[in-house]
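The values are calculated or read from the model by the stated rules, or taken from the named source; none is laboratory data. Just so it is clear, the structure is predicted and the values come from calculations on it, not from any experiment. Here the Cβ positions follow ideal geometry from the backbone for every residue, glycine too, while neighbour counts run over all protein chains shown. When the accessible area is computed, the model is the full protein with side chains, heavy atoms only, and any ligands, DNA or RNA have been set aside. Shrake-Rupley method; radii C 1.70, N 1.55, O 1.52, S 1.80 Å.
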Amino acid sequence: MDAYGLLRSDVLEALARAAEAATREGAGATAASLEEARAHLLADRLRAVLIGEFKAGKSSLLNALLDDAGEPPLLPEAEEIATSVPVSVSYADPETIEVVRTAAGGDRGAQPVERVRVDRQGLRAHGTEGGNPENRRGVLAVTVGTPALLLRPGLTLVDTPGLGGPHLEHNAATLAALPGADAVLHVLDSTQPVLRSHLDTGRRAASAVDAAESPGALSFVLTKSDSAGFDEVLADARVKLAKETGRAPEELLLIPVSARAHVEFLRYGEDEDRVAGNMAGLRAGLWATLAHRGVPRVLGGPLEALGRGLQALLGPLEGQIRALEDGTRKTVAELRDQALERQKRLAELQKGKAEWRADLRRRTAVLQEELHADAVERHAKVWDRLETYYLEEESFLTAPQRLVEQLTADAGQVVAEVNARAEIGTAAILAVTVAETGLTLGEVGPAAMTAPTDGGLTIERRLGDQFRSGRLKRRLRDVTFGGSVGSSTGAVLGSVVPGIGTAVGLAVGGLVGMVAGWRSAGRDLRNEDRRLDRESLRNQLAPLRRNQSSHITKAVKDISQEFREQAETEMELRISQEQETNRRLIEGLRQTEELTTQAAELRLAALRARRKPLAALGTHAEELSGRMRAFCADVIARGAEARDEDQGAIGTGPAGRAGPTSEAGRPTGSVDDNSWADD
């Protein structure tokens, strides 16, 4: 088992042992808290999302990363656009594929939903543009369980539809998958130049993982690294991506891979293909990306709960041992008075009108207002873009349904950005609450807001059609007027220019005037059509704007209220746990006061015996925290080595370059090579 999987397993075991110890000590609240932390860790997953432009090769890359060379491949691969809905892939044995879709089929707002088990061919029928064009089956999500060793420690990989393709609803689906990502891998096709759209995708991904605070949570993967001219593409991509993400070029983790070469290696075992494929480098780069914030998020909360629980169990024992070792009633009385004072303070905190509760609600209300104002401002900019850009684009005027999809995708980006700000704001509120109450809190944070949908809006016809009558009459009027002016002008010119004559000038001038009048009328009518098209779109899109605004307002309110309720519940649990600890200490001190000298010695020995395994478990918890920090530092350092050496350490360049070697001289990167993650 790799280092992360072993570490996660050890944390789960330590939580179970601590919960059993809490039960033996009669600390029910502490036992419940530890069990809750263990259940949370069991259910939690590291979540890495793959994004990129359409036809960038994300599905092929993911199949190679999972060492899947089956027929058909696990995730659909095609020259045309393949993936049409996000597909989450986790560990399971045997393999299972579940499609979640609306019971009504095509109406995404319909309820209830139904879950359907399918095979790999069924996945193609539901999760690809070819099998499910425009998502007519109403697929909401696809979850895949497969026995890939990479996923077994608790990792989920999310394959998303391509961005920037002809199906703009794919953009919305991809952006909706970004909130909550622990890491994002931005996949680029090295046979294509890095365009403005690629940079926009990188900027959106950076926003989703809050790259300003955790820049290492976003990495880049260049596919088809065995193609000609790869070195030039790599250098160009590094400079452009660094500029867009605000990072120095040497700080970017940019991993070259070839899915085709790796599949060839899986089939035929040629070492040259293994080196060119560089899946070992990608796996190491993936873990380096996850180590920046994903691993601390998943393991950090349970480890903090473990430390708090053990402290709650050791505190009463330590107090009694100190009193017995001192052997004076004065010490016992001082400790008891301190515990009683603490109990009084906790009782004040527990009251329904406690100051911390009012402060928490007030601060959450302020944050809600700030988030709403921020969301409104960002959403307004989306619709400003409609006026300044989208309505001037011929592609949107001729295919207005694309405009609905574009605005829906843009609204999804607004939600992702507000989600990131909500995480920062709620963390600040918790920090202040902890400082004021002196209580440590467990993992509390806002739920991710969902992106608004298009609500089934369809642009059916021009609302201005009733004003488009009389078009032929207008053309004839302009032709007549143009012919009249042209005839008059031609007659005058013909009479003064030798060799033409009035009659010829009259005829030629009239003909030229009629042609000019026809063309002028055409320009006027086209401009009128565009004006009416724009006005029609504004009117038909108005419900979409209102629905998006209403959705965002409600979502901000809901996540704020849910955060406040979770924070209050967590505070109440911490207060109950502290009260329980204090009661145990007070009762133990009372018993100590009543003991004879001989009984005191026996009790002291018993207390020391009870403390010993708990203290050992506390030491183990500290070691686990140290191992987590060391694991993160190690895999991040390996990522830095790859970054500094470009195609060294965890990466290789195009086919023909030598790959890295282990200390024993054996080439690294084989399918079973997990040396980078070993203990």
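Using the Cβ-Cβ distance between Glu535 and Lys243 with R0 set to 41 Å, the FRET efficiency from 1/(1 + (r/R0)^6) comes to roughly 0.55. The chymotrypsin sites (Phe, Trp or Tyr not before Pro) of segment 354-460 that meet both conditions, a loop assignment by DSSP and at most 16 other Cβ atoms within 10 Å of the site Cβ, are Tyr389. Rounded to the nearest 0.05, the FRET efficiency derived from the C-beta distance between Glu334 and Glu369 at R0 = 56 Å is 0.75. Highest average first, the peptides 255-266, 36-47 ordered by how many other beta carbon atoms sit within 10 Å of their residues are 255-266, 36-47. Rolling a 1.4 angstrom probe over the protein heavy atoms with all chains in place gives segment 321-400 an accessible area of 61 Å² per residue. Expressed as a whole percentage, what fraction of the accessible surface of segment 337-399 belongs to carbon and sulfur atoms when a 1.4 Å probe is rolled over the protein heavy atoms? Carbon and sulfur together cover 49 percent of it. Bridgeable lysines around Lys353 (alpha carbons under 16 Å apart, same-chain partners fewer than 8 residues away excluded): Lys344. Counting protein heavy atoms only, segment 530-617 has 50 percent of its accessible area on carbon and sulfur, 1.4 angstrom probe.
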